[in-house]
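Novice: Here it is, the structure in full.
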Amino acid sequence: MHTKHHLALLHRLAHLAALSVILLGVLVLVGWFNQIPALYRVEDNLPLMTPGAAFSFMFTGATLFLLQPEKPSAWRRIGGRLLAMGGIGLGLLMLLSYWHSVPDMLLDQGLAPLALLNLSVDKDSLQTAIAFILTSIGLFFLSLERPLLINVAQWAAFFSVMLLVGVFFGFAHQEDMFKVFTGEAGMGLLTATAFALVGWGIILAKVEKGFFRIMVSEASGGVVARQVMFLMALFPPLLGWLPVLWGQVEHGKLTHTQVESLLASVMVMAIVLIVIRLACRLDHEEVLRTRAQEEVRQHQADLDQMVRLNTLGEMASGISHELNQPLAAVANYASACQRLITSGENTQRLQEPLQAIQQQALRASEIIRKMRALVRKQPPHKVSACLEQVIHEALQLSKVDANKFGVPLLLELDDTVPDIPLDSIQIQQVILNIVRNALESMQATQSHRRQILVKSFMSQQGMVQVDISDTGSGMDAELKQRVFDAFVTTKGSQGMGIGLSLCRSIIEAHGGRLWVESEPEQGATFSFTLPVN
Ligand code: ADP
């Protein structure tokens, strides 16, 4: 599987984490407003989640939601940054509420609406407030998109998630672990779950940019990292929630020790299962890799054929060189005949040179016949294929050249274009040819202006259209008219002038059209269409 696939999946998980935190916050608030304690403290003996904390989590979730796409838009980034700063402010207010009654303070200041948030309930808010401030700083770092800051945020999130493992184990023991850590304040199950979600959200939102990018690798390391992280993300919360839910269902039937033993055996089983799954995944990846290598070999064979096709041009040049010989001989014999006629020689003497002329002309026509047999067009071998993939593969081959010329290859491919019948090797040859010409046309272009843009879309005539634009030297009207004719080249001895004529015959054999739009010094856009059916 491709890295892009894993990246999309992990971003989707970050998205899910953000939405879950918001939902959790909403449920807790609903619990407070309708006096349903199960929604804000789960069980009587567990610390509760305050409405202020619920509100702050909704805030954090919204921030994460804005920042989680791979490339967030400018407004999302700015929105995320502002929300993160707001989150830091909220956290500070909560911290303050540890010493002062914030609602009273806000009322004193005439800020009654804010007091409604009821930010302080009891002393439990101390570590929640500190965690909020740190989380919001982490989200703020994410919004700045700097690799170092992203790393700091991810590591901080990772350590807090690890710390939560202790808290969740505490719930499994029916023991408030945070009281053990801090001596007084405890953390509820809901709060711990929400922090775990936010923590993983922060790690996954920019997973490709920090230390944890191993998780998007397609190699074996990536497989192991994803499985281990998956286990770490899922197991501790499960460990925390199971005994509590169990207690709700089967109240009093099992002792804590029995619950613990049960959990321990479930855990061992889960670890064994995960290790087996890991082995399967590694095995599967190995099979995929072998298959991919096989495909590369096949592609290489196809490429060799393409190279053969390209050398055809060079052969044609060699053959035309050979044609020079009989033609020069014909010219020599003809002038000999002329000399004989003007000197009034017996016409009988013309017999020999005329015969030689005939022989040489026959030789020339034989050479031409052979050449035509060689360059005879092969009918395309059309198979239904994904144009987007054909383009990607062709550009993969052009990449080395593009890097050499320092030209970025930009893509705007419409992924709704349906599969179409085509000879992918021939279409790749067309793309390669146009891209190579485009690269060569940009040698005099300032390096920061160089670029090639490849677009695909459905044209108005119901055909699929591909546009390949460059910012190179462009063409004048005269060259534009002749550019698809055979042997038209401006590259002197470097060019053959048959690339584009071959491209046009390939596209026409597919039932499509190839044309160019260009102005001198304004670059050129080569476009071709292909029928859908
Ligand atoms: P060759 O590349 O061997 O010259 P082609 O048939 O591929 O043969 O191209 C013919 C000519 O068309 C080139 O010599 C060049 O003058 C012109 N040409 C092709 N593509 C471009 C382009 N993107 N910009 C400017 N001129 C181009």
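Yes/no per residue for (1) modelled with pLDDT under 70; (2) under 30 Å from LEU500 (Cα atoms); (3) under 31 Å from the mean Cα position of the chain (by Cα):
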| residue | (1), (2), (3) |
| --- | --- |
| VAL268 | no, no, no |
| LEU273 | no, no, no |
| ARG281 | no, no, yes |
| ARG289 | no, no, yes |
| LEU312 | yes, yes, no |
| VAL330 | no, no, no |
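Novice: Just to be sure, is GLN428 more than 7 Å from the ligand (Cβ to nearest atom) and modelled with pLDDT of 95 or more?
Specialist: Criteria not met by GLN428.
Novice: Might you check whether a residue that is of a type outside the set (Gly, Ala, Ser) and within 14 Å of ALA402 (Cβ to Cβ) occurs anywhere in the range 473-480?
Specialist: No, there is no match, as no residue in the range 473-480 is of a type outside the set (Gly, Ala, Ser) and within 14 Å of ALA402 (Cβ to Cβ).
Novice: Now for a separate question. Looking at (1) closer than 19 Å to SER398 by Cα; (2) at pLDDT 95 or above, which is the only condition GLN465 fails?
Specialist: Only one criterion in (1) closer than 19 Å to SER398 by Cα; (2) at pLDDT 95 or above is unmet by GLN465, namely (1).
Novice: Okay, next question. For residues that are more than 9 Å from the ligand (Cβ to nearest atom) and out of contact with any Asp or Glu (no Cβ under 6 Å at 6 or more places or on another chain), tally how many sit in the range 517-533.
Specialist: Residues in the range 517-533 being more than 9 Å from the ligand (Cβ to nearest atom) and out of contact with any Asp or Glu (no Cβ under 6 Å at 6 or more places or on another chain): 10 in total.
Novice: If you don't mind, another one. Are any of the residues in the range 403-417 of a type outside the set (A, V, I, L, M), within 15 Å of the ligand (Cβ to nearest atom) and not in a loop (DSSP other than H, G, I, E, B)?
Specialist: yes
Novice: Give the residues of the range 473-497 that are within 9 Å of the ligand (Cβ to nearest atom) and polar (S, T, N, Q), sorted by residue number.
Specialist: If the condition is that a residue be within 9 Å of the ligand (Cβ to nearest atom) and polar (S, T, N, Q), then SER473, THR489, THR490, GLN494 are the ones that fit.
Novice: Ok, one more. Looking at the range 471-497, I want the residues that are farther than 27 Å from LEU410 by Cβ and have a partner that is among the basic types (Lys, Arg) and more than 6 Å from the ligand (Cβ to nearest atom) with Cβ atoms under 7 Å, at least 6 apart or on another chain. Which pairs are those?
Specialist: Pairs that qualify, where the first residue is farther than 27 Å from LEU410 by Cβ and the partner is among the basic types (Lys, Arg) and more than 6 Å from the ligand (Cβ to nearest atom), are VAL488/ARG482.
Novice: For the range 218-252, which residues satisfy the criterion of being at pLDDT below 80 and either among the charged types (D, E, K, R) or assigned to a loop (DSSP other than H, G, I, E, B) (or both)?
Specialist: Correct list: GLU218, ALA219, GLU250, HIS251, GLY252.
Novice: Just a yes or no: is a residue in the range 229-249 buried (at least 19 other Cβ atoms within 10 Å of the Cβ) and under 20 Å from the mean Cα position of the chain (by Cα)?
Specialist: No, there is no match, as no residue in the range 229-249 is buried (at least 19 other Cβ atoms within 10 Å of the Cβ) and under 20 Å from the mean Cα position of the chain (by Cα).
Novice: Identify all residues within the range 438-470 that are among the hydrophobic types (A, V, I, L, M, F, W, C) and surrounded by fewer than 16 Cβ atoms within 10 Å (Cβ to Cβ); write none if there are none.
Specialist: Within the range 438-470, ALA444, PHE457, MET458 meet the criteria.
Novice: Another question, if that's okay. Filter the range 407-437 down to the residues that are under 13 Å from GLY472 (Cβ atoms) and within 25 Å of the chain's Cα centre (by Cα), then identify the one that is surrounded by the most Cβ atoms within 10 Å (Cβ to Cβ).
Specialist: So, considering only residues that are under 13 Å from GLY472 (Cβ atoms) and within 25 Å of the chain's Cα centre (by Cα), the one surrounded by the most Cβ atoms within 10 Å (Cβ to Cβ) is ILE434.
Novice: Tell me the residue from LEU514, LEU453, LEU500 that is at negative phi, touching a Phe, Trp or Tyr at 6+ places or on another chain (Cβ under 7 Å) and more than 9 Å from the ligand (Cβ to nearest atom), please.
Specialist: Among LEU514, LEU453, LEU500, only LEU514 is at negative phi, touching a Phe, Trp or Tyr at 6+ places or on another chain (Cβ under 7 Å) and more than 9 Å from the ligand (Cβ to nearest atom).
Novice: Taking VAL26 as meeting all but one of (1) at pLDDT 85 or above; (2) touching a helix residue (DSSP H, G or I) at 6+ places or on another chain (Cβ under 6 Å), write down the number of the exception.
Specialist: Answer for VAL26: the failing condition is (2).
Novice: Regarding LEU9, is this residue among the aliphatic types (A, V, I, L, M) and in a helix (DSSP H, G or I)?
Specialist: yes
Novice: Given the conditions (1) in a loop (DSSP other than H, G, I, E, B); (2) closer than 25 Å to PRO520 by Cα, and given that HIS448 satisfies all but one, which numbered condition is not satisfied?
Specialist: With respect to (1) in a loop (DSSP other than H, G, I, E, B); (2) closer than 25 Å to PRO520 by Cα, HIS448 is out only on (1).
Novice: Take GLN465 and decide whether it is in a strand (DSSP E or B), away from the ligand (no atom under 14 Å from the Cβ) and not acidic (Asp, Glu).
Specialist: In short, yes.
Novice: So PRO69 clears everything in (1) at pLDDT below 85; (2) not in a helix (DSSP H, G or I) except one condition, right? Which one?
Specialist: So PRO69 meets the others, but not (1).
The values are calculated or read from the model by the stated rules, or taken from the named source; none is laboratory data. Values in this document were obtained by computation on a predicted structure and should not be read as measured data. Because the Cβ atoms are built from the backbone with ideal geometry, glycine has one as well, and the counts that use them run over all protein chains shown.
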